[in-house]
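First the structure, in the form of C-alpha cells, and then the observations on it.
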Amino acid sequence: MLAYLVRRLLYALPILIGVNLITFALFFVVNTPDDMARMQLGVKRVTPEAIDKWKAERGYDKPLFINDAASGSAVLTDTIFFSKSARMFAGDFGRAEDGRDIAREITSRMGPSLAIALPTFILGLLVTVSFALLLTFFRASYLDFWGVVLCVAMMSISGLFYIIGGQFLISKIWRLVPISGYGGGLDAWKFVILPVLIGVISGVGSSTRWYRTIFLEEISRDYVRTARAKGLSELVVLFRHVLRNAMIPILTGVVVVIPLLFMGSLLTESFFGIPGLGSYTIDAINAQDFAVVRAMVFIGSLLYIVGLILTDVSYTFVDPRIRFN
Amino acid sequence: MTFLPVILWSDVLIWLLFVAAIVFGALSLRNPLWRTAWQRVGRSRAGMASATVLLVFVGVGLLDSLHYRPRLENAAGPQTATAAPPPTATAAPPPTAYAVEVLSLLDVLLTPLRTRNEKTYSEPLATRAYAKESIESRDAAGELQQSRDYPRLRHGGAHLGADEARRDGDVGDRLLRAVSLAFLAWWAVAAATAAGVARAEACSAPAAWRRIWSNESDFAWNAVLAAVACLLLVALPLAMLAGQYHVFGTDKVGQDVFYQVLKSVRTALVIGLVTTLVTLPLAILLGILAGYFRGWVDDLIQYLYTTLSSIPGVLLIAAAVLMMQVLIDNHPQWFATAAERADLRLLALCFILGVTSWTGLCRLLRGETLKLRELEYIQAAQAFGVTDLRIIGRHIVPNLMHIVIIALVMDFSSLVLAEAVLSYVGIGVDPTMISFGTMINNARMELAREPAVWWSLSAAFVFMFTLVLAANLLADAVRDAFDPRMAGSA
C-alpha cells in the first residue's frame, strides 16, 4: 500500500511539472511581462519607467529561464521561472497585487469554503443517490418517466438561475434567511443554509440521471436475477446488491472532487458573499491579479491529483478484489 | 453599393458547419447502418419535437450570421447610419463611407425592435416607464408646471396616443388575431405534411392523416406538428405585439429585451458549435494515434491529456482568457470595428473552451481504438499489409463515429450553459456582445429593486431553457439511436 502510494505520488510529479510549465507559458511567454504591465497600468499612465517600476516591484524584471548576468546557481534561480513557478512546489506563492501573502490568504479562506462545500457535497450525494434508487425501484413506471423528465428539465437550467431564483424567493420574498454574507460561530448556519440548499438542488438533475443509468446497468446483471430467484425482496436487492456493486462507478466520479471541495465554488461564493477561495479566485480574475490565478491553478491541479490517488485507494475499500501490487 | 458586406470569422465557421452538417447527413444516409440509426432518431417523438425547435433557433442564428455595414448617407454626418441627415443637394458627392456599426440580416428584419429604444427600464407591454421622472407641462393658464410621474414611453404603445386605457383591449385584439392566424397557419402546415406523407407512402390523404396521429408512420410527424403548433402559438403573438409594444420590456439603457434575446441565440450557437471544431480534430487525431500505435506515442498523449485535465476547467479557462484579453487590448490595430474585436474574442473563447475540453472525448476514443485494433478484421488487414493510414481511415474512424456524434450533441448544451457562467465570472464573451450570459449578468442585481425588474432575467431564462432543453432531448434521442449498448433495448 505504502509503496503504491509513493509510486503514485512520483507519477504525479511530472504532471505537476507539466501544469507548471503550461501556466508559465500562458502567463509569461504568450504575453511578456511588459504586456501585463501595460494592461495593469492602463493606456494613459504607460511610460517605459512606469513599466520598469511595475516589473521590478513584482520581480518580473528578471530573465525568463537563464540569467546570464548572475553567477553560480543564481544563473538558474534568479529567473522568473524559478522565483515564480518553481517556488510553488515549496508552497511559496508570492504576493497578490494588494501586497498580501497568497499562501496565508489561502489558508484563512479554506474554512468558509469548506463550510459551504462540504455540506453541499454530502447532502447532495445522499439526495441524488436516494432519488436515483427511488427511480430505479419504480423503473419503467410513470414515476420513473416523470422523474427523468424532471431531471432533464432541471439540468437544462443554468446554475445562475438556481442561485438568482433561490435568493429572490427565499431571501427577498419570504425573508427567511439573509441574502448573502458570512459569519463565524453559532450564527453561521443562517448564512450557510441557503447556499447549501441551492447547491444541492442545482446538482440533482444531472447526478440523479447519471446514478440511475449506473443502477439500471447493474440491475440487469445475472447476480441480481440470482438474488431475486433466491427470494430476496426488491429493496434488499437494491440496497444490499445493486448499491454496493454500483459503488465503483459512483466512487470514480465522487472521490475525485473531495479534495477540490477546499477550492469552494466560484458562483455560489461570489453570489452569497462568502469569503472563501472561490470568491478569492473570482476577485482575482476581475482584478486581473495574475499571481493569484496562477497559484489557484497550481493548487487546483494538486488537489485533483490527490483526488485521483484517493479514488484508487477508495476502490480497495468497496471491492476486496482490488489490491495494490 | 448601399452596403459593404462584412465577413466575420465566426460567420464563415458557422455557415461552414451548416454546410458540413448537411453534407455529412446526406453521406451518412447512404450507409445502411447509419440510415437505420437516423431512422431510429426520426421515430423518437421527443427527439423530433426538439429538433423542430432547434431548427428555429438555428434559423435565427444563421440569419444573424450574415453581416454588412450600411453606407452612410453623408460621410460628414454622424457615425451611425440611422441618425445621418439627408444629403444636401449642393454638396459635392462625398466619397462612399460605411458606418462603423456592423449589422446583420436579422437586424434588418428587426429594425423596429433595434432602433426603438426607450430611456430606461419599462415593463413588458408597458406604455409608461418604470421609474418616475419630472415632467414639464403647461396648464390651462399657460404656466409651466412640474410634476413627478411615470413618463410616457416614446415607442411602447405609441399608436394608442393619449388613449392608454385602450391598451388591454388592443393587446387582446392582437392576441386573438395572432392565435387565429397561428391556427390557420398550422392547419396549412399540417395539411401539407399529410399530403406529403400520403404521396411518400402511396395512400390517401385521410389515411396518411390517421397514420400520422396514430403514431404508425416511420417518422414522428405528430411530434413535429405538435412542436410547430407550439412554436406558432408563441412566435405569431410575439411578432404581432412586438411591432407596437416592448413584448419583454426594455433594459437599463432602454433596449428592447426581445431583440436582445434573439441576438443571444447566435452567440449561444457559435459557442456550442464552433467549439467542437477545435475539440473534434484534437480528440479524434490524438485518441486514435494513442490507441492505435500505443508505446511512447500513447504515453506522450496520455501525459498531455492527464496534465490538461488535472487543471480545474474554470481556472484554466480563466487563465487563458485573461492572457487573451491582454493580447487583444495590446493590439487594437488588428480590428477595424468593435464587432470584429468582439467576434475574435468570441472565437478565442471557443478555441480556449475547445482546447480545455477535448480530453474526455480523447480518452474515450483511445479506449475504443485499443479495443478495435485487437479485432480479427483489423489484424487481418494488417496481415494483408494494408498501411496504417488506410486501416485507420477505413476501419477505425467509421467505427468510432457513433461516439463522436454522441459526444458532439451532448457537449452542445453544456457549452451553452458554460457560456452564461463564464460571462458572469467575467471571462466570457466581450461585454458589448449580446449573449445570455451578459444579459443575466446585467440584470441579476435588478431583482433587488423595488418593484423588482424581473423581465430581462425571465426572458433570458425562458429562451435559454428552451434551447438547452431541446438540445438535451435531441442528444438523448441521438444517443439512444447510436449507442450500440442501447440497440438491444430499443
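Quick check: is even one residue across the stretch A:98-106 basic (Lys, Arg), at pLDDT below 85 and under 14 Å from A:Tyr280 (Cβ atoms)? The answer is yes; a qualifying residue exists. A search for C-beta distances below 8 Å between a residue of the stretch A:22-34 that is more than 10 Å from chain B (Cβ to nearest Cβ) and any residue that is surrounded by fewer than 18 Cβ atoms within 10 Å (Cβ to Cβ), counting only pairs 6+ apart in sequence or on different chains, returns A:Pro33/A:Asp61. Put simply, of A:Leu41, A:Leu64 the only residue that is of a type in the set (A, V, I, L, M), surrounded by fewer than 17 Cβ atoms within 10 Å (Cβ to Cβ), more than 14 Å from chain B (Cβ to nearest Cβ) and more than 22 Å from the chain's Cα centre (by Cα) is A:Leu64.
Only a single criterion out of (1) in contact with a helix residue (DSSP H, G or I) (Cβ under 8 Å, 6 or more places away or on another chain); (2) more than 11 Å from chain A (Cβ to nearest Cβ); (3) not in a helix (DSSP H, G or I) is not satisfied by B:Val397, namely (3). Among the helices (runs of 4 or more DSSP H) confined to the stretch B:163-271, the ones with at least 2 residues that are touching a Pro at 6+ places or on another chain (Cβ under 8 Å) are located at B:167-201.
Checking each residue in the stretch A:170-184 for being out of contact with any Gly (no Cβ under 8 Å at 6 or more places or on another chain) and either at the interface with chain B (Cβ under 10 Å from one of its Cβ atoms) or hydroxyl-bearing (Ser, Thr, Tyr) (or both) picks out A:Ser171, A:Lys172, A:Ile173, A:Ile179.
Taking (1) modelled with pLDDT of 85 or more; (2) at negative phi in turn, A:Ile322 satisfies each apart from (1).
Quick one: would you say A:Leu135 is surrounded by fewer than 16 Cβ atoms within 10 Å (Cβ to Cβ), away from every other protein chain (no Cβ under 14 Å) and under 28 Å from A:Val224 (Cα atoms)? No; evaluated as a whole, the condition is false for this residue. One residue alone among A:Val297, A:Val242, A:Val318, A:Val255 is surrounded by 18 or more Cβ atoms within 10 Å (Cβ to Cβ) and more than 15 Å from the chain's Cα centre (by Cα), and that residue is A:Val242. Here A:Ile309 passes the criteria (1) more than 13 Å from the chain's Cα centre (by Cα); (2) free of Cβ contacts under 8 Å to residues at least 24 places away in the same chain except the one numbered (2). Can you find even one residue in the stretch B:277-291 that is under 24 Å from B:Met445 (Cβ atoms), out of contact with any Pro (no Cβ under 9 Å at 6 or more places or on another chain) and among the polar types (S, T, N, Q)? Checking the stretch B:277-291: not a single residue is under 24 Å from B:Met445 (Cβ atoms), out of contact with any Pro (no Cβ under 9 Å at 6 or more places or on another chain) and among the polar types (S, T, N, Q). For residues in the stretch B:403-436 being more than 14 Å from the chain's Cα centre (by Cα) and polar (S, T, N, Q), which is farthest from the other protein chains (Cβ to nearest Cβ)? So the residue we want is B:Thr432. Filter the stretch B:336-378 down to residues that are assigned to a loop (DSSP other than H, G, I, E, B) and out of contact with any Asp or Glu (no Cβ under 9 Å at 6 or more places or on another chain), then give me how many there are. Of the residues in that region, 5 qualify.
Within the set of pairs 6 or more residues apart or between chains, which connect a residue that is facing chain A (nearest Cβ under 9 Å) and among the acidic types (Asp, Glu) inside the stretch B:466-478 to a residue that is outside any helix (DSSP H, G or I) and surrounded by fewer than 24 Cβ atoms within 10 Å (Cβ to Cβ) with Cβ atoms less than 8 Å apart? Pairs found: none. Against the conditions (1) more than 11 Å from every other protein chain (Cβ to nearest Cβ); (2) free of Cβ contacts under 8 Å to residues at least 40 places away in the same chain, A:Leu125 satisfies every one except (2).
Scanning the stretch A:221-270 for residues that are more than 13 Å from chain B (Cβ to nearest Cβ), touching a Leu at 6+ places or on another chain (Cβ under 8 Å) and in a loop (DSSP other than H, G, I, E, B) yields a total of 1. Among the residues of the stretch B:318-355, those identified as away from every other protein chain (no Cβ under 11 Å), over 17 Å from B:Thr432 (Cβ atoms) and either at pLDDT 85 or above or surrounded by 21 or more Cβ atoms within 10 Å (Cβ to Cβ) (or both) are B:Cys350, B:Phe351, B:Leu353, B:Gly354.
Checked across the stretch B:446-454, the condition of being within 9 Å of chain A (Cβ to nearest Cβ), crowded, with 17+ Cβ neighbours inside 10 Å and modelled with pLDDT of 90 or more holds for no residue.
Taken over the stretch B:360-390, the criterion of being touching a helix residue (DSSP H, G or I) at 6+ places or on another chain (Cβ under 6 Å) and free of Cβ contacts under 8 Å to residues at least 60 places away in the same chain is satisfied by B:Ile378, B:Ala381. On inspection, A:Leu216 does not qualify as more than 14 Å from chain B (Cβ to nearest Cβ) and either closer than 21 Å to B:Asp476 by Cβ or surrounded by fewer than 21 Cβ atoms within 10 Å (Cβ to Cβ) (or both).
Look at A:Ala117 and say whether it is surrounded by 15 or more Cβ atoms within 10 Å (Cβ to Cβ), within 14 Å of another protein chain (Cβ to nearest Cβ) and over 27 Å from B:Ala460 (Cα atoms). So A:Ala117 fits the description; yes.
Only one entry in A:Ile157, A:Ile170 is more than 19 Å from the chain's Cα centre (by Cα), at pLDDT 85 or above, buried (at least 17 other Cβ atoms within 10 Å of the Cβ) and more than 30 Å from B:Ala475 (Cα to Cα), namely A:Ile170. Restricting attention to the stretch B:304-315 and to residues that are at the interface with another protein chain (Cβ under 7 Å from one of its Cβ atoms) and in a helix (DSSP H, G or I), the residue that is nearest to the chain's Cα centre (by Cα) turns out to be B:Val314. Within the option set A:Ile179, A:Ile198, being in a helix (DSSP H, G or I), out of contact with any Asp or Glu (no Cβ under 9 Å at 6 or more places or on another chain) and either at pLDDT 85 or above or hydrophobic (A, V, I, L, M, F, W, C) (or both) holds for one residue only, A:Ile198.
Determine if the stretch A:45-58 includes at least one residue that is exposed (fewer than 15 other Cβ atoms within 10 Å of the Cβ) and within 14 Å of another protein chain (Cβ to nearest Cβ). The answer is no; no qualifying residue exists.
If the condition is being among the aliphatic types (A, V, I, L, M) and crowded, with 21+ Cβ neighbours inside 10 Å, then the stretch B:302-317 contributes B:Leu308, B:Ile311, B:Val314, B:Leu315, B:Leu316, B:Ile317.
Of note, B:Gly291 satisfies the criterion of being over 21 Å from the mean Cα position of the chain (by Cα), farther than 25 Å from A:Leu26 by Cα, more than 14 Å from chain A (Cβ to nearest Cβ) and part of a helix (DSSP H, G or I).
Which members of the stretch B:11-37 meet the condition of being part of a helix (DSSP H, G or I), in contact with a helix residue (DSSP H, G or I) (Cβ under 7 Å, 6 or more places away or on another chain) and over 26 Å from B:Ser104 (Cβ atoms)? Passing the criteria: B:Ser28, B:Trp34, B:Ala37.
The values are calculated or read from the model by the stated rules, or taken from the named source; none is laboratory data. Just so it is clear, the structure is predicted and the values come from calculations on it, not from any experiment. We place every Cβ from the backbone using ideal geometry, glycine too, and count neighbours over all the protein chains shown.
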